[in-house]
Amino acid sequence: MDVTDVETRRNKILEIIIEAYVSTTCPVGSELVSRRLRSGLSPATIRNIMAELEERGLLEQPHISAGRVPTERGFRFYVDMVMDARHLPPEQLRQLEALIQPPDLGVEELLERARMALSELTQQAAFVIAPTVKHSTVKQVEFVPLSIRKLLCVLVVNEEMIASRVVEMEEPMSRDEAAALARFLNTELVGLSLSSLLESLERRMLADSDSFYHFVKRSLAILQHAFSAEPSERLFLDGASYMVSQPEFSRDPTKAHHLLKSLDAEEAFLGRVSRDLAPNEIRVRIGHEVQVPGLEECSYVTGSFVIGDDVTGGIGVLGPMRMDYPRMRAFVEGMGRCLTNVFARWSQG
């Protein structure tokens, strides 16, 4: 038997152990592997291979008399080298789109339905990372004076999302000046994201010869005051109850408490997942790779979707390391494709 055959056999045994452990939560012995392998390998040979996998750090034995369970490193090796990347068939994708997009749905409602559907389908916690107005294309700007020193700033951004803020101003502003400022922005700067819009105004501020210098200066001050505290992204998560009901957490209230506490302090998780977002890529982070205190025994699978030309959001699932990675990957990829397709149709009218 050549090296390739030996490696293939070793990987197959690891795959059987991981799939059995995922479905049962119990250590896996050589007899179960032998039944599922359906080969001429003797139980002794299988035990030797399991011992090799243990030496390589891919399996561990919780108790002397018990079978083996996969380690964090074993799950990583399985995801990278062993598992097949499944994809949802076209018919299931169509059903998924129909599920998340009833008529007259807005962006936030669509993302909420996608998140809830993904959580129910996978029986894991599901999350959406939604781009805020900072990364959204500005389609219209309106300034509505509420008094001589109070202004309502309204941005209509891609897919008809609206962001509004009330600004307290040092200098008074008339209704005519507010209308003139809005016309200036709608004529010259619409089509940029808010962050790009602010950068453009800042560059024009440096050019003292700009004939619209007064408009640039006043518009920049208002928009910065209104949206300076706006985050770049927001995290929405559903299905935490699915996680705490898993044996890893339900048997240990302390672990469950730390898990829920980590999810409540969502900023660290949002920052970690945001770094993994890339067009047309599915990322899997396992155990300590998550890099969030309290989630060391968890994993996440995340993908992306696109709104408009280049605004990227994220969708994914979070669960224990003992998860069905091929299935999670297929659903995350499928939901990301569905959202991108829906937003593309919306942008086409």
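The values are calculated or read from the model by the stated rules, or taken from the named source; none is laboratory data. If you're wondering where the values come from, they're calculated on a predicted model, not measured in any experiment. Using ideal geometry, Cβ is built from the backbone for each residue, glycine included, and neighbour counts are taken over all protein chains shown.
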**Report entry** Enumeration of residues in the stretch 27-41 that are surrounded by 14 or more Cβ atoms within 10 Å (Cβ to Cβ) and not polar (S, T, N, Q)
**Finding:** PRO27, VAL28, GLY29, LEU32, VAL33, ARG36, LEU37, LEU41
Report task. Spot the failing condition for ARG283; the list is (1) in contact with a strand residue (DSSP E or B) (Cβ under 7 Å, 6 or more places away or on another chain); (2) closer than 30 Å to LYS139 by Cα; (3) among the basic types (Lys, Arg), and only one is missed. Result -> (2)
Report task. Specify the residue that is nearest to HIS135 (Cα to Cα); the eligible residues are those in the stretch 297-330 that are outside any strand (DSSP E or B) and modelled with pLDDT under 95. Result -> ASP310
Query raised in the report: Of the residues in the stretch 82-124, how many are on the phi > 0 side of the Ramachandran plot and part of a helix (DSSP H, G or I)?
Result: 0
Report summary line: If we ask which residues in the stretch 108-130 are surrounded by fewer than 22 Cβ atoms within 10 Å (Cβ to Cβ) and either among the hydrophobic types (A, V, I, L, M, F, W, C) or in contact with a Ser or Thr (Cβ under 8 Å, 6 or more places away or on another chain) (or both), their number turns out to be 4
Query raised in the report: Exactly one of (1) in a helix (DSSP H, G or I); (2) surrounded by fewer than 20 Cβ atoms within 10 Å (Cβ to Cβ) is unmet by GLY294. Its number?
Result: (1)
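Checking the condition polar (S, T, N, Q) and in contact with a strand residue (DSSP E or B) (Cβ under 9 Å, 6 or more places away or on another chain), which residue from SER147, SER211, SER195, SER200 passes?
Step by step, each of SER147, SER211, SER195, SER200 is checked, and only SER200 is polar (S, T, N, Q) and in contact with a strand residue (DSSP E or B) (Cβ under 9 Å, 6 or more places away or on another chain).
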Requested in this report: Taking the residues in the stretch 42-81 that are in a helix (DSSP H, G or I), surrounded by fewer than 17 Cβ atoms within 10 Å (Cβ to Cβ) and among the aliphatic types (A, V, I, L, M) as candidates, determine which candidate is modelled with the lowest pLDDT.
Outcome: ALA44
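Name the residues in the stretch 57-109 that are in contact (Cβ under 8 Å) with a residue 40 or more places away in the chain and small (Gly, Ala, Ser), would you?
If the condition is that a residue be in contact (Cβ under 8 Å) with a residue 40 or more places away in the chain and small (Gly, Ala, Ser), then GLY67, GLY74, ALA85, GLY106 are the ones that fit.
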Query - Residue list for the stretch 119-158, filter: modelled with pLDDT under 90 and over 25 Å from ALA178 (Cα atoms) - result: ALA130, PRO131
Report summary line: If you go through VAL156, VAL167, the only one that is farther than 21 Å from ALA130 by Cβ and either surrounded by fewer than 17 Cβ atoms within 10 Å (Cβ to Cβ) or of a type in the set (A, V, I, L, M, F, W, C) (or both) is VAL167
Query raised in the report: If the Cβ limit is 9 Å and pairs must be 6+ apart or interchain, which residue in the stretch 1-22 that is within 11 Å of VAL33 (Cα to Cα) pairs with which residue that is modelled with pLDDT of 95 or more and among the aromatic types (Phe, Trp, Tyr)?
Result: LEU14/PHE77; LEU14/TYR78; GLU15/TYR78; ILE18/PHE75; ILE18/TYR78; ILE18/TYR325
Requested in this report: Give the residues of the stretch 25-41 that are in contact with a helix residue (DSSP H, G or I) (Cβ under 9 Å, 6 or more places away or on another chain) and in a helix (DSSP H, G or I), sorted by residue number.
Outcome: SER30, GLU31, LEU32, VAL33, SER34, ARG36, LEU37
Query raised in the report: So which residues in the stretch 48-76 are among the β-branched types (Val, Ile, Thr) and either at positive phi or in contact with a Cys (Cβ under 9 Å, 6 or more places away or on another chain) (or both), if there are any at all?
Result: VAL69
Query - Condition met for SER304 (among the polar types (S, T, N, Q) and surrounded by 17 or more Cβ atoms within 10 Å (Cβ to Cβ)) - result: yes
Query raised in the report: Taking interchain pairs and intrachain pairs at least six residues apart, which have beta carbon atoms under 6 angstrom, with the first residue in the stretch 203-214 and modelled with pLDDT of 85 or more and the second acidic (Asp, Glu) and surrounded by 13 or more Cβ atoms within 10 Å (Cβ to Cβ)?
Result: ARG204/ASP210
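Results for (1) at pLDDT below 90; (2) buried (at least 17 other Cβ atoms within 10 Å of the Cβ); (3) part of a helix (DSSP H, G or I), shown as yes or no for each residue.
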position	(1), (2), (3)
ALA226	yes, yes, yes
LEU237	no, yes, no
LEU263	yes, yes, yes
PHE269	no, yes, yes
ALA278	yes, no, no
Query - From ARG272, ARG329, ARG322, residue being among the charged types (D, E, K, R) and free of Cβ contacts under 8 Å to residues at least 60 places away in the same chain - result: ARG272
**Report entry** Only one of ASP104, ASP84 that is surrounded by fewer than 18 Cβ atoms within 10 Å (Cβ to Cβ) and farther than 30 Å from VAL190 by Cα
**Finding:** ASP84
